[in-house]
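Presented below is the structure to which this report refers.
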Amino acid sequence: MKILAIETSCDESSVAIVDSGFHILSNVISSQIDLHRRFGGVVPELASRAHQEALLPLIEQALEEAQCVIEDIDAFAVTYGPGLSGALMVGLSCAKSLSLFFEKPLIGVNHVEAHIYANFMGQKAILPCVAMIVSGGHTLLAKVSGWGKYEILGQTRDDAAGEAFDKVANMLKLGYPGGPIVDRLAKQGDRKKIFFPRAKVKGSPLCFSFSGLKTAVLYHLREKKEEEIKAAIPDICASFQEAVVDVLCSKSFKALEDCGLGHLAVGGGVSMNSRLREAMMDLGEEKKVQVTFPGKNLSADNAAMIGGLAYEKWSAGIVDDLELEVDPCLPISNWVK
Ligand code: KG4
Ligand code: ZN
(Lines give C-alpha, C1' and ligand atoms only; values in the text may rest on other atoms or scores of the structure.)
(Ligands and ions follow the chains in the order given, each with its own letter.)
Protein backbone atom coordinates (compact mmCIF):
# COMPACT_ATOMS: atom_id res chain seq x y z
CA MET A 1 0.00 0.00 0.00
CA LYS A 2 1.98 3.00 -1.27
CA ILE A 3 0.70 6.40 -0.20
CA LEU A 4 1.94 9.66 -1.69
CA ALA A 5 1.59 12.32 1.02
CA ILE A 6 1.64 16.11 0.76
CA GLU A 7 2.35 18.57 3.60
CA THR A 8 1.97 22.35 3.11
CA SER A 9 0.51 23.59 6.42
CA CYS A 10 3.13 26.25 7.20
CA ASP A 11 6.54 27.08 5.78
CA GLU A 12 7.77 23.68 4.65
CA SER A 13 6.60 22.02 1.44
CA SER A 14 7.06 18.29 1.65
CA VAL A 15 6.15 15.19 -0.35
CA ALA A 16 6.73 11.63 0.80
CA ILE A 17 6.00 8.14 -0.37
CA VAL A 18 5.30 5.75 2.49
CA ASP A 19 4.66 2.04 2.13
CA SER A 20 2.29 0.39 4.64
CA GLY A 21 2.46 3.18 7.23
CA PHE A 22 6.09 2.94 8.29
CA HIS A 23 8.38 2.16 5.36
CA ILE A 24 9.53 5.60 4.16
CA LEU A 25 10.54 5.30 0.50
CA SER A 26 11.15 9.05 0.18
CA ASN A 27 10.53 12.18 2.26
CA VAL A 28 11.60 15.33 0.44
CA ILE A 29 11.32 18.70 2.17
CA SER A 30 11.72 22.18 0.75
CA SER A 31 12.08 24.78 3.49
CA GLN A 32 10.96 28.37 2.99
CA ILE A 33 13.03 29.71 5.88
CA ASP A 34 15.21 31.88 3.61
CA LEU A 35 12.11 33.41 2.05
CA HIS A 36 10.56 34.46 5.39
CA ARG A 37 13.74 35.28 7.33
CA ARG A 38 13.90 38.97 6.42
CA PHE A 39 10.33 39.44 7.68
CA GLY A 40 11.12 37.80 11.03
CA GLY A 41 8.27 35.28 10.65
CA VAL A 42 6.09 33.42 8.15
CA VAL A 43 4.25 35.65 5.64
CA PRO A 44 1.16 33.57 4.72
CA GLU A 45 0.77 34.94 1.18
CA LEU A 46 4.41 34.24 0.33
CA ALA A 47 4.13 30.77 1.86
CA SER A 48 1.18 29.82 -0.38
CA ARG A 49 2.98 31.00 -3.50
CA ALA A 50 6.16 29.16 -2.58
CA HIS A 51 4.18 25.92 -1.96
CA GLN A 52 2.65 26.27 -5.44
CA GLU A 53 6.07 26.56 -7.03
CA ALA A 54 7.65 23.78 -4.99
CA LEU A 55 5.01 21.07 -5.08
CA LEU A 56 5.22 19.56 -8.57
CA PRO A 57 9.06 19.33 -8.62
CA LEU A 58 8.89 17.78 -5.13
CA ILE A 59 6.38 15.14 -6.32
CA GLU A 60 8.72 14.25 -9.18
CA GLN A 61 11.69 14.07 -6.80
CA ALA A 62 9.79 11.96 -4.25
CA LEU A 63 8.77 9.46 -6.95
CA GLU A 64 12.30 9.33 -8.31
CA GLU A 65 13.86 8.75 -4.88
CA ALA A 66 11.28 6.08 -4.11
CA GLN A 67 11.97 4.51 -7.51
CA CYS A 68 8.27 4.53 -8.37
CA VAL A 69 6.04 5.97 -11.03
CA ILE A 70 2.80 7.71 -10.15
CA GLU A 71 0.78 4.72 -11.35
CA ASP A 72 2.32 2.71 -8.46
CA ILE A 73 0.62 4.98 -5.92
CA ASP A 74 -2.44 3.47 -4.19
CA ALA A 75 -3.74 6.59 -2.39
CA PHE A 76 -3.05 10.31 -1.93
CA ALA A 77 -2.80 11.79 1.56
CA VAL A 78 -2.71 15.44 2.52
CA THR A 79 -2.66 17.71 5.58
CA TYR A 80 -6.00 19.58 5.67
CA GLY A 81 -5.48 21.35 9.03
CA PRO A 82 -4.50 22.93 11.32
CA GLY A 83 -2.28 25.51 9.63
CA LEU A 84 -2.33 28.52 7.35
CA SER A 85 -5.48 28.46 5.26
CA GLY A 86 -3.93 29.49 1.92
CA ALA A 87 -0.96 27.18 2.38
CA LEU A 88 -3.22 24.21 3.25
CA MET A 89 -5.35 24.92 0.17
CA VAL A 90 -2.37 24.52 -2.16
CA GLY A 91 -1.64 21.02 -0.83
CA LEU A 92 -5.28 19.97 -0.70
CA SER A 93 -6.04 21.15 -4.27
CA CYS A 94 -3.03 19.24 -5.53
CA ALA A 95 -3.99 16.04 -3.67
CA LYS A 96 -7.60 16.29 -4.87
CA SER A 97 -6.47 16.68 -8.50
CA LEU A 98 -4.19 13.64 -8.22
CA SER A 99 -6.93 11.57 -6.57
CA LEU A 100 -9.47 12.54 -9.24
CA PHE A 101 -7.17 12.02 -12.19
CA PHE A 102 -5.66 8.70 -11.08
CA GLU A 103 -8.89 7.47 -9.49
CA LYS A 104 -7.26 6.62 -6.16
CA PRO A 105 -8.52 7.41 -2.62
CA LEU A 106 -7.93 10.80 -0.98
CA ILE A 107 -7.07 10.75 2.73
CA GLY A 108 -7.09 13.99 4.75
CA VAL A 109 -4.80 14.04 7.80
CA ASN A 110 -4.62 16.25 10.92
CA HIS A 111 -1.12 17.74 11.14
CA VAL A 112 -0.87 17.60 14.95
CA GLU A 113 -2.02 13.99 15.07
CA ALA A 114 0.63 13.18 12.47
CA HIS A 115 3.32 14.77 14.69
CA ILE A 116 2.38 12.15 17.32
CA TYR A 117 2.48 9.36 14.73
CA ALA A 118 6.02 10.41 13.68
CA ASN A 119 7.22 8.87 16.94
CA PHE A 120 6.10 5.44 15.89
CA MET A 121 7.66 5.31 12.44
CA GLY A 122 10.64 3.00 12.59
CA GLN A 123 10.20 2.31 16.33
CA LYS A 124 8.07 -0.23 18.06
CA ALA A 125 4.77 1.38 19.00
CA ILE A 126 3.79 1.27 22.63
CA LEU A 127 0.17 2.18 23.05
CA PRO A 128 -1.50 3.52 25.08
CA CYS A 129 0.91 6.37 25.69
CA VAL A 130 1.01 10.02 26.61
CA ALA A 131 1.99 12.27 23.70
CA MET A 132 3.38 15.75 24.03
CA ILE A 133 3.35 17.88 20.90
CA VAL A 134 5.51 20.99 21.03
CA SER A 135 5.69 23.00 17.84
CA GLY A 136 5.49 26.54 16.50
CA GLY A 137 1.69 26.47 16.57
CA HIS A 138 0.81 23.90 19.23
CA THR A 139 1.65 22.70 22.71
CA LEU A 140 -0.52 19.90 23.96
CA LEU A 141 -0.61 16.75 26.01
CA ALA A 142 -2.86 13.89 24.95
CA LYS A 143 -3.54 10.34 26.02
CA VAL A 144 -3.31 8.15 22.93
CA SER A 145 -5.21 4.88 23.37
CA GLY A 146 -4.88 3.96 19.70
CA TRP A 147 -4.74 5.73 16.34
CA GLY A 148 -7.88 7.83 16.17
CA LYS A 149 -8.52 7.50 19.92
CA TYR A 150 -7.31 10.54 21.82
CA GLU A 151 -8.06 12.37 25.02
CA ILE A 152 -6.68 15.90 25.29
CA LEU A 153 -5.13 16.30 28.74
CA GLY A 154 -3.84 19.85 28.42
CA GLN A 155 -3.08 22.57 25.91
CA THR A 156 -1.51 26.00 25.88
CA ARG A 157 -3.74 28.89 26.89
CA ASP A 158 -1.73 31.42 24.88
CA ASP A 159 1.57 30.99 23.01
CA ALA A 160 2.91 27.66 21.80
CA ALA A 161 6.34 26.62 23.10
CA GLY A 162 7.97 27.15 19.67
CA GLU A 163 6.31 30.54 19.37
CA ALA A 164 7.86 31.54 22.73
CA PHE A 165 11.31 30.47 21.45
CA ASP A 166 10.80 32.46 18.23
CA LYS A 167 9.53 35.58 20.04
CA VAL A 168 12.35 35.59 22.60
CA ALA A 169 14.89 35.13 19.79
CA ASN A 170 13.26 38.10 18.07
CA MET A 171 13.60 40.24 21.22
CA LEU A 172 17.28 39.33 21.30
CA LYS A 173 17.58 40.07 17.54
CA LEU A 174 18.91 36.56 16.90
CA GLY A 175 17.07 35.76 13.64
CA TYR A 176 14.35 33.38 12.52
CA PRO A 177 13.36 30.68 13.33
CA GLY A 178 14.53 31.32 16.86
CA GLY A 179 14.28 27.84 18.39
CA PRO A 180 17.43 26.30 16.89
CA ILE A 181 19.44 29.52 17.45
CA VAL A 182 18.42 29.77 21.13
CA ASP A 183 19.22 26.07 21.52
CA ARG A 184 22.72 26.58 20.09
CA LEU A 185 23.53 29.74 22.07
CA ALA A 186 22.15 28.26 25.31
CA LYS A 187 24.91 25.63 25.21
CA GLN A 188 27.43 28.36 26.09
CA GLY A 189 25.27 29.86 28.85
CA ASP A 190 24.41 29.20 32.49
CA ARG A 191 20.85 27.93 32.81
CA LYS A 192 20.68 28.90 36.49
CA LYS A 193 21.90 32.48 35.97
CA ILE A 194 18.46 34.13 35.71
CA PHE A 195 15.27 32.73 37.19
CA PHE A 196 12.38 33.10 34.77
CA PRO A 197 8.86 32.13 35.96
CA ARG A 198 7.35 28.67 35.42
CA ALA A 199 3.68 29.48 34.84
CA LYS A 200 0.90 27.46 36.43
CA VAL A 201 -2.60 27.50 34.95
CA LYS A 202 -5.10 27.77 37.82
CA GLY A 203 -7.39 24.74 37.99
CA SER A 204 -5.75 23.05 34.97
CA PRO A 205 -2.44 21.55 36.09
CA LEU A 206 -1.75 20.02 32.66
CA CYS A 207 -2.35 23.23 30.67
CA PHE A 208 0.45 25.54 29.59
CA SER A 209 0.98 29.29 29.44
CA PHE A 210 4.09 30.89 27.96
CA SER A 211 3.05 34.53 27.54
CA GLY A 212 4.12 35.46 31.11
CA LEU A 213 7.56 33.97 30.51
CA LYS A 214 7.91 35.97 27.31
CA THR A 215 6.96 39.16 29.20
CA ALA A 216 9.43 38.29 31.98
CA VAL A 217 12.23 38.09 29.39
CA LEU A 218 11.07 41.42 27.92
CA TYR A 219 11.15 43.11 31.38
CA HIS A 220 14.57 41.63 32.07
CA LEU A 221 15.89 43.13 28.82
CA ARG A 222 14.30 46.53 29.49
CA GLU A 223 16.47 47.05 32.53
CA LYS A 224 19.69 46.44 30.59
CA LYS A 225 21.91 48.40 28.20
CA GLU A 226 22.53 46.99 24.71
CA GLU A 227 26.14 45.93 25.42
CA GLU A 228 25.06 44.29 28.65
CA ILE A 229 22.38 42.31 26.79
CA LYS A 230 24.81 41.25 24.08
CA ALA A 231 27.25 39.87 26.65
CA ALA A 232 24.46 38.06 28.50
CA ILE A 233 22.76 36.43 25.45
CA PRO A 234 23.97 32.86 26.16
CA ASP A 235 22.81 33.10 29.81
CA ILE A 236 19.45 34.60 28.83
CA CYS A 237 18.93 31.86 26.20
CA ALA A 238 19.93 29.09 28.62
CA SER A 239 17.78 30.44 31.48
CA PHE A 240 14.73 31.03 29.25
CA GLN A 241 15.12 27.58 27.66
CA GLU A 242 15.38 25.99 31.10
CA ALA A 243 12.09 27.59 32.15
CA VAL A 244 10.35 26.12 29.06
CA VAL A 245 11.98 22.70 29.47
CA ASP A 246 11.14 22.60 33.17
CA VAL A 247 7.46 23.19 32.52
CA LEU A 248 7.31 20.72 29.60
CA CYS A 249 9.01 18.02 31.68
CA SER A 250 7.01 18.45 34.86
CA LYS A 251 3.62 18.53 33.09
CA SER A 252 4.31 15.58 30.79
CA PHE A 253 5.53 13.42 33.68
CA LYS A 254 2.52 14.46 35.76
CA ALA A 255 0.31 13.39 32.85
CA LEU A 256 2.07 9.99 32.75
CA GLU A 257 1.53 9.59 36.47
CA ASP A 258 -2.14 10.65 36.30
CA CYS A 259 -2.79 8.19 33.45
CA GLY A 260 -0.66 5.43 34.99
CA LEU A 261 1.27 5.00 31.71
CA GLY A 262 4.90 4.18 31.02
CA HIS A 263 5.56 5.68 27.58
CA LEU A 264 5.93 9.33 26.65
CA ALA A 265 6.07 10.20 22.93
CA VAL A 266 7.35 13.70 22.22
CA GLY A 267 6.94 15.38 18.82
CA GLY A 268 6.87 18.66 16.87
CA GLY A 269 9.68 21.06 15.96
CA VAL A 270 10.61 21.91 19.58
CA SER A 271 11.25 18.20 20.23
CA MET A 272 14.56 18.79 18.41
CA ASN A 273 15.70 20.96 21.32
CA SER A 274 18.84 19.40 22.75
CA ARG A 275 18.21 20.41 26.39
CA LEU A 276 14.62 19.15 26.24
CA ARG A 277 15.82 15.80 24.92
CA GLU A 278 18.49 15.53 27.60
CA ALA A 279 16.15 16.51 30.46
CA MET A 280 13.35 14.21 29.26
CA MET A 281 15.69 11.24 28.81
CA ASP A 282 17.20 11.78 32.29
CA LEU A 283 13.76 11.95 33.88
CA GLY A 284 12.63 8.92 31.92
CA GLU A 285 15.57 6.93 33.26
CA GLU A 286 14.97 8.12 36.81
CA LYS A 287 11.26 7.29 36.73
CA LYS A 288 11.65 4.11 34.63
CA VAL A 289 9.50 5.51 31.85
CA GLN A 290 10.21 5.08 28.14
CA VAL A 291 10.60 8.43 26.38
CA THR A 292 10.73 8.51 22.57
CA PHE A 293 11.40 11.22 20.03
CA PRO A 294 10.82 11.03 16.28
CA GLY A 295 13.72 9.87 14.12
CA LYS A 296 15.75 11.96 11.72
CA ASN A 297 13.69 14.31 9.49
CA LEU A 298 10.50 13.36 11.32
CA SER A 299 10.48 15.90 14.21
CA ALA A 300 9.80 19.05 12.22
CA ASP A 301 7.18 19.37 9.49
CA ASN A 302 7.40 16.59 6.91
CA ALA A 303 5.08 14.58 4.68
CA ALA A 304 6.23 11.11 5.78
CA MET A 305 4.28 11.43 9.05
CA ILE A 306 1.21 12.41 6.99
CA GLY A 307 1.59 9.31 4.81
CA GLY A 308 2.12 7.15 7.89
CA LEU A 309 -1.03 8.24 9.70
CA ALA A 310 -3.02 8.14 6.43
CA TYR A 311 -2.28 4.42 6.25
CA GLU A 312 -3.84 3.92 9.71
CA LYS A 313 -6.94 5.84 8.59
CA TRP A 314 -7.15 3.85 5.35
CA SER A 315 -6.76 0.59 7.34
CA ALA A 316 -9.67 1.70 9.54
CA GLY A 317 -11.76 2.26 6.39
CA ILE A 318 -11.60 6.05 6.52
CA VAL A 319 -11.13 7.91 3.25
CA ASP A 320 -12.31 11.34 2.14
CA ASP A 321 -13.99 12.66 -0.97
CA LEU A 322 -13.53 15.76 -3.08
CA GLU A 323 -15.78 17.73 -0.70
CA LEU A 324 -12.95 17.79 1.87
CA GLU A 325 -12.06 21.37 2.84
CA VAL A 326 -9.14 22.87 4.70
CA ASP A 327 -9.68 23.65 8.38
CA PRO A 328 -7.04 26.07 9.74
CA CYS A 329 -8.15 25.38 13.35
CA LEU A 330 -8.77 21.64 13.00
CA PRO A 331 -8.76 20.09 16.50
CA ILE A 332 -7.59 16.58 17.28
CA SER A 333 -10.68 14.42 17.16
CA ASN A 334 -11.50 10.76 17.46
CA TRP A 335 -12.12 8.89 14.24
CA VAL A 336 -12.30 5.44 15.82
CA LYS A 337 -15.29 4.68 18.07
O1 KG4 B 1 6.62 21.36 14.07
P2 KG4 B 1 7.23 22.54 13.42
O3 KG4 B 1 8.29 22.31 12.36
O4 KG4 B 1 6.12 23.44 12.76
C5 KG4 B 1 4.86 23.62 13.32
O6 KG4 B 1 4.00 22.73 13.16
O7 KG4 B 1 4.71 24.67 13.99
O8 KG4 B 1 7.84 23.46 14.59
C9 KG4 B 1 8.47 24.68 14.31
C10 KG4 B 1 8.92 25.29 15.64
C11 KG4 B 1 9.48 26.69 15.50
O12 KG4 B 1 8.88 27.53 16.45
C13 KG4 B 1 10.97 26.50 15.81
O14 KG4 B 1 11.59 27.63 16.39
C15 KG4 B 1 10.93 25.33 16.77
O16 KG4 B 1 9.94 24.47 16.23
N17 KG4 B 1 12.21 24.62 16.87
C18 KG4 B 1 12.94 24.56 18.01
C19 KG4 B 1 14.14 23.86 17.69
N20 KG4 B 1 14.07 23.51 16.37
C21 KG4 B 1 12.89 23.98 15.89
N22 KG4 B 1 12.70 25.05 19.25
C23 KG4 B 1 13.64 24.83 20.19
N24 KG4 B 1 14.80 24.19 19.95
C25 KG4 B 1 15.09 23.68 18.73
N26 KG4 B 1 16.24 23.03 18.51
ZN1 ZN C 1 4.21 20.94 12.66
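The values are calculated or read from the model by the stated rules, or taken from the named source; none is laboratory data. Note that this is a predicted model, so its numbers are computed, not measured. Note: ideal-geometry Cβ built from the backbone for every residue, glycine included; neighbour counts use all protein chains shown. Side chains are part of the model used for accessible areas, which takes the heavy atoms of the whole protein and leaves out ligands, DNA and RNA. Shrake-Rupley method; radii C 1.70, N 1.55, O 1.52, S 1.80 Å.
Before moving on, here are some points about what is shown:
- Taking a ≥ b ≥ c as the square roots of the eigenvalues of the alpha carbon gyration tensor, the range 127-293 is prolate, as a/c is not under 1.5 and a/b beats b/c.
- Selected from LEU185, ALA232, TYR150, residue furthest toward positive end of dipole (the chain; charges at beta carbon): ALA232
- Each helix, a run of at least 4 DSSP H residues, gives -39500 (n - 2.57); summed and divided by the residues of the chain, these come to -14000 deg cm²/dmol at 222 nm.
- For the pair GLU226 and SER20, label points projected 7 Å from Cα toward Cβ lie 6.1 nm apart.
- Carbon/sulfur fraction of accessible area - the chain, other protein chains in place, 1.4 Å, %: 52
- Listed residue pairs exceeding 19 Å between alpha carbons, taken from LYS200/LYS254; LYS167/LYS230; LYS214/LYS287; LYS173/LYS296: LYS214/LYS287; LYS173/LYS296
- Once the Cα atoms are used to define both axes, helix 274-287 deviates from the longest principal axis of the chain by about 90 degrees.
- Cα centroid separation - the range 114-170 against the range 227-241, whole Å: 28
- Ranked by solvent-accessible area (1.4 Å probe, protein heavy atoms only, all chains present), the residues ARG49, ARG38, ARG277 order from largest to smallest as ARG38, ARG49, ARG277.
- Between SER31 and LEU127, the distance separating the two model label sites (each 7 Å from Cα on the Cα→Cβ line) works out to 3.1 nm.
- Förster radius 51 Å - calculated FRET efficiency between SER250 and VAL69, Cβ distance, rounded to 0.05: 0.50
- Full-extension gain in nm, LYS193 to LEU218, via 0.36 nm per residue minus C-alpha separation: 7.4 nm
- Computed E for VAL201/ASN297 - FRET, C-beta separation, R0 51 angstrom, nearest 0.05: 0.95
- The angle separating the long axis of helix 304-315 from the principal Cα axis of greatest extent in the chain is about 50 degrees.
- Low-density loop cleavage sites - GluC sites (Glu not before Pro) in the range 28-110, where at most 11 other Cβ are within 10 Å (DSSP): GLU103
- Relative contact order (%) - the range 127-293, alpha-carbon pairs under 8 angstrom, separation at least six: 28
- The chain, accessible area per residue, ligands and nucleic acids excluded (1.4 Å, Å²): 45
- Note on the chain: Cα Rg divided by 2.2 N^0.38 Å, N the number of residues, gives 1.00.
- Estimated FRET transfer efficiency when R0 is 35 angstrom, pair ARG38-ASP282 (beta carbons, to 0.05): 0.35
- Normalised by the number of residues in the chain, the mean separation of alpha-carbon contacts (under 8 Å, six or more apart) gives a relative contact order of 25 percent.
- Stretching ALA316 away from SER145 to a fully extended chain increases their span by 60.1 nm, per 0.36 nm per residue minus the current alpha-carbon distance.
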